[in-house]
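Working notes, structure below.
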Amino acid sequence: MGSEFIQIRKDLAKDHDSLKSIDSRLRSLNQEWLRKAYSPNTEKDQYFSKELYQLQESIDLLKHKQGVRVDKLLNHLNQME
């Protein structure tokens, strides 16, 4: 049980890093969107749609992984009682 708990902690740390990466990508995309919004030469750009779609996919995957990890952690804690 100890090794499973350690693996869960490692996986949660990886998820934390993934969340930081998603946050960074969202901030960059937001800055780019603001630059384009106030630019006189604005064109509808597929870049934003593609980036937002990829970010949503990353967030959905992270949410799924987090749900699985939380379930494992709860099971592990229940077994310890």
Do you know which residues across region 1-46 are in contact (Cβ under 8 Å) with a residue 12 or more places away in the chain, open to solvent by 90 Å² or more (accessible area, probe 1.4 Å) and under 23 Å from the mean Cα position of the chain (by Cα)? Leu19, Trp33
When region 47-81 is checked residue by residue, the ones that are touching a residue at least 24 places away in the same chain (Cβ under 8 Å) and farther than 30 Å from Phe5 by Cα are Glu51
Filtering region 47-60 down to residues that are surrounded by 13 or more Cβ atoms within 10 Å (Cβ to Cβ) and more than 12 Å from Ser21 (Cβ to Cβ), which residue is modelled with the lowest pLDDT? Phe48
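The values are calculated or read from the model by the stated rules, or taken from the named source; none is laboratory data. Keep in mind that this is a model prediction, so the values were computed, not measured. Please note: Cβ atoms are built from the backbone with ideal geometry, for glycine as well, and neighbour counts cover all protein chains shown. Keep in mind that these areas ignore ligands, DNA and RNA; they rest on the heavy atoms of the full protein, side chains included. Shrake-Rupley method; radii C 1.70, N 1.55, O 1.52, S 1.80 Å.
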